[in-house]
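The values are calculated or read from the model by the stated rules, or taken from the named source; none is laboratory data. From a predicted model like this one, the values you see are computed outputs, not experimental measurements. Heads up, the Cβs are rebuilt from the backbone with ideal geometry, glycines too, and the neighbour counts pull from every protein chain shown. Please note that ligands, DNA and RNA were not included when accessible areas were found on the heavy atoms of the full protein model with its side chains. Shrake-Rupley method; radii C 1.70, N 1.55, O 1.52, S 1.80 Å.
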Amino acid sequence: MTGLLTLFYKELLRFWKVSLQTVLSPLVTTLLYLLIFSHVLESHVQVYSEVNYTAFLVPGLVMMAMLQNAFSNSSSSLIQSKMTGNIVFMLLPPLAYWEFFVAYVAASVARGAVVGLGVGLAGLWFVPLTLAHPLWMLAFAVLGCAILGAAGIIASLWADNYDQMAAVQNFIIVPLTFLSGVFYSIHSLPPFWQAVSHANPFFYLIDGFRYGFFGVSDVSPLLALTIVATCFLALSLATLLLLKSGYKLRK
Amino acid sequence: MTSRNCCLQPELVTPAAIEIHQVHKRFGSVQALCGIDLTVQQGEFFALLGPNGAGKSTLINILAGLALADSGRLAVLGHDVRADYRQARRSIGVVPQELVYDAFFTVREMLRFQSGYFGIRNNKAWIDELLERLALTDKADAYVRHLSGGMKRRVLVAQALVHKPPVIVLDEPTAGVDVALRQSLWAFIRRLNQQGHTIVLTTHYLEEAEALCNRVAMLKQGQVVALDTTANLLSRHAGIQLRLKITPPCLPDALQELSCGRDGEVFKLSLHHHAELENVLAVLRESGVEVEDLEVVKPDLEDVFLELVKS
C-alpha cells in the first residue's frame, strides 16, 4: 500500500503546488457563471416550486466544477508525464496497474472535492442552501469525480499530444457538462432534446447531486445512481484493462 | 557473461543477476531485437555496447518493464520481469538515458516519492547519504528543473539507487556530464560494484567501458555480435599496430602484406601478435633497412567496436 499512498500523495501535492491554477482559477470561473446567470435569470426562470433559480443553479455549478476538475487532474498529470518522459518514474517501480488507477482516481476525487467545496461555500454567499439528503449528495459527488478521473486516465493514455488532450476536454467533456442540466431542468426542453439529455450520463450526475440538496429531481435518484454506478464500473474496467495491457505506456 | 542456448534455469541457489533468453522485439517494420541471449552474473561490471539503433536501450527498457518483448524471457535475480514483476523491479535500478524530471518537485521530494513507490516508508538516512555521495546535498530542496544537466543526471542516478537495488543498469549515464563529474560518478559506481552490486552499463565513451567493465556484449542490428571478457575481446578482435619510420623509406616486399597504410614517412603494419614483431625486425635487418623510429600501438575497445560494426 505504500506505493499507492505515495502516488496518491504525489498527485495531491502536484495540484496543490499550483493551486492558483488548479483550485482558485476554476473557483473564480464558476462563481462568475453564478453571478451572471443568477443575476440575469433569477426573475425569469422558476425550475422547481419553492426553489429559486440561484439556489437551483448552485448545486449544478458545484457538480460541473467538480467533474471538470476531476477530469483535468488525472488527464493533465498523466499527459504531462507522458510528454516530458517522467512517467518512467512511475513505470519502473513495482506499482500494480490497479494501484496506479486507484491513486490517480482518488487524487481526482480529492481535487474535485476541494474545488466543489470552494464553489459550494462561495455559493452560500449568494443563496442559503440546505442538504435534504447529504448521503445522496456525497454518493453522486464521489462517483462523478471518480468517473471523470477514470475518463481522464483513458483520455491521457490515448492522446499522443496536448492538442489531442485539449480536443477531448473541449469537444467532449465541456459540452457534456454544459448540456447536462446545470443551468436548466430538462423538463423545460422539447421532447427530442429531453431524450438526448437522457443519453448523457452527466445529466444523471447533476440531477442526482441536486436531489441531495432539494429532495426533488427530474428522474428517480435510484435510477440515476444505478446509471452512474454502472458508468463508473464500466469506465473503471476499461481503464484497468488499458493500464494492465500497458496501452501507450509500455511500448 | 555467457551466451545461452538452453532455457532459463527456474530457481538456482545463486541466480544470475540478469538472464535474457531468445528475446525478440519489433517496432513496426523494424526488427529491434532478434533473439538476444545473455546472462550477467551477480557482481559483474558489464558493458552493453553498440552503435545507435543497435537495440541496447530497447533491451534495457524490456528488462526494466518500460517495454514489452514480443517473445522470449527475461529475469532479474531469477524473477521473471512479467510474471514476477514486483520482485524483478525491486531488484533492479535503472538510470534512464533521457534527462527526465518532474518540474513540480524538489530533489528531496522526488527521492522520497521514488522510495515510496518501492514500498519504503522512511528512507531519510539513505537519501541523505545518496545526496552527499552524489554532491547534491546543497540542492536537496531545489526544484529539479532549476538544476544543471549534470546535476539532473545525478538526480536520476540517485532515484535509481533509492531502493538499494542489487542490479543497477545505467543507460548512457555520463552523456553530457563534464569530466570531473564523470570521474566522481564512476568512482561511486565502482564502489557500489565492489560492495556487490551488479552493474550493467551502456555508453558511447568506449574508454569508460574498457576501464570499468570486465565483460562486454556488443549489439548490432538487434543481435549480439560479440560477447566476452574485455581482455579476450581486445586480444581476439584486434591485433597490434606497428608504426615504423625507416631509412630508406621503402617497405621491403616481404612486409607488404602486413601494411595497413602510410602516414607521411610512417609505415603502418598490422600484426596479430607481439611475437610477429621479431620477424618484422629480422626482415628489415636482412633488407638493409634502418629503423629510425618504432611505435607499438595497442588496440582499444573502440578498434574492436569499429571492426565489429564494419563487418
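Quick notes on this one:
- Per residue solvent-accessible surface (Å²) - segment B:208-281, probe of 1.4 Å: 52
- In sequence order, segment A:179-194 has phi-based couplings of 9, 10, x, 5, 9, 7, 8, 5, 5, 7, 8, x, x, 4, 6, 4 Hz under the Karplus curve 6.51 cos²θ - 1.76 cosθ + 1.60, θ = phi - 60°, and Gly or Pro positions carry x.
- Measuring only protein heavy atoms, the 1.4 Å probe finds A:Leu233 accessible over about 120 Å².
- Segment B:18-234 - percent of accessible surface contributed by carbon and sulfur, probe 1.4 Å: 48
- Semi-axis lengths (Å, descending) of the ellipsoid that matches the C-alpha gyration tensor of segment A:137-209: 25, 16, 8
- D by Stokes-Einstein for chain A, Kirkwood Rh over Cα pairs, 4 °C, 1.567 mPa s: 70 µm²/s.
- Protein accessible area in segment A:2-245, 1.4 Å probe - carbon and sulfur %: 73
- Theoretical FRET efficiency, 1/(1+(r/R0)^6), r = Cβ-Cβ of A:Leu135 and B:Arg191, R0 60 Å, to 0.05: 0.50
- For segment B:190-257, relative contact order (Cα pairs under 8 Å, six or more residues apart, normalised by length) works out to 16 percent.
- Within the listed set B:Gly149, B:Gly78, B:Gly93, the Gaussian network model of chain B (springs between alpha-carbon atoms below 10 Å) gives the highest mean-square fluctuation for B:Gly149.
- Our helix-only sum for chain A, with -39,500 (n - 2.57) per DSSP H run of n ≥ 4 divided by its residues, gives a mean residue ellipticity at 222 nm of -24000 deg cm²/dmol.
- Amide proton proximity set for B:Gln31, modelled H, under 5 Å, gap of 5+: none
- Label-to-label distance, nm, for residues given as A:Val142 and A:Ser220 (7 Å Cα→Cβ offset): 2.3
- Low-density loop cleavage sites - chymotrypsin sites (Phe, Trp or Tyr not before Pro) in segment A:70-121, where at most 12 other Cβ are within 10 Å (DSSP): none
- Two numbers describe the Cα atoms of the protein assembly as shown: Rg and Dmax, which are 32.2, 121 Å.
- Ligands, DNA and RNA are left out, and with a 1.4 angstrom probe the accessible area of chain A is 42 Å² per residue.
- Note that segment B:88-132 presents 41 Å² accessible area per residue, ligands and nucleic acids not counted, probe 1.4 Å.
- About its Cα centre, the dipole of the protein assembly as shown is roughly 1600 debye, where the only charges are +1 on Lys and Arg Cβ and -1 on Asp and Glu Cβ.
- Between chain A and chain B, roughly 2700 Å² of accessible surface gets buried, counting both sides and using a 1.4 Å probe.
- Rounded FRET efficiency, nearest 0.05, which uses the C-beta distance separating A:Ala234 from B:Arg82 and R0 of 41 Å: 0.90
- If you run the Gaussian network model on chain A, springs between alpha carbon atoms under 10 Å, then out of A:Leu176, A:Leu157, A:Leu237 the most flexible one is A:Leu237.
- Mean separation of Cα contacts under 8 Å (6+ apart) over length of chain B, as relative contact order %: 20
- Note on the protein assembly as shown: antiparallel DSSP beta bridges, both residues inside, total approximately 70 percent of the bridges counted.
- Fluctuation leader among B:Glu172, B:Glu98, B:Glu265 - chain B, Gaussian network, Cα springs under 10 angstrom: B:Glu265
- Remark on segment B:163-231: ratio of C-alpha radius of gyration to 2.2 N^0.38 Å is 1.15.
- Among the protein heavy atoms, those of B:Leu227 account for about 40 Å² of accessible surface (1.4 Å probe, every chain in place).
- Once backbone amide H atoms are built at 1.01 Å from N, B:Val94 has B:Val169 as its partners under 5 Å, excluding neighbours fewer than 5 places away on the same chain.
- Too-long pairs where the Cα-Cα distance tops 22 Å, listed order kept, from A:Lys10/B:Lys124; A:Lys244/B:Lys152; B:Lys152/B:Lys220: A:Lys244/B:Lys152; B:Lys152/B:Lys220
- Helix B:149-161 and the longest principal axis of the Cα set of chain B meet at an angle near 70°.
- A:His198 - accessible surface, heavy atoms, 1.4 Å probe, Å² rounded to 10: 70
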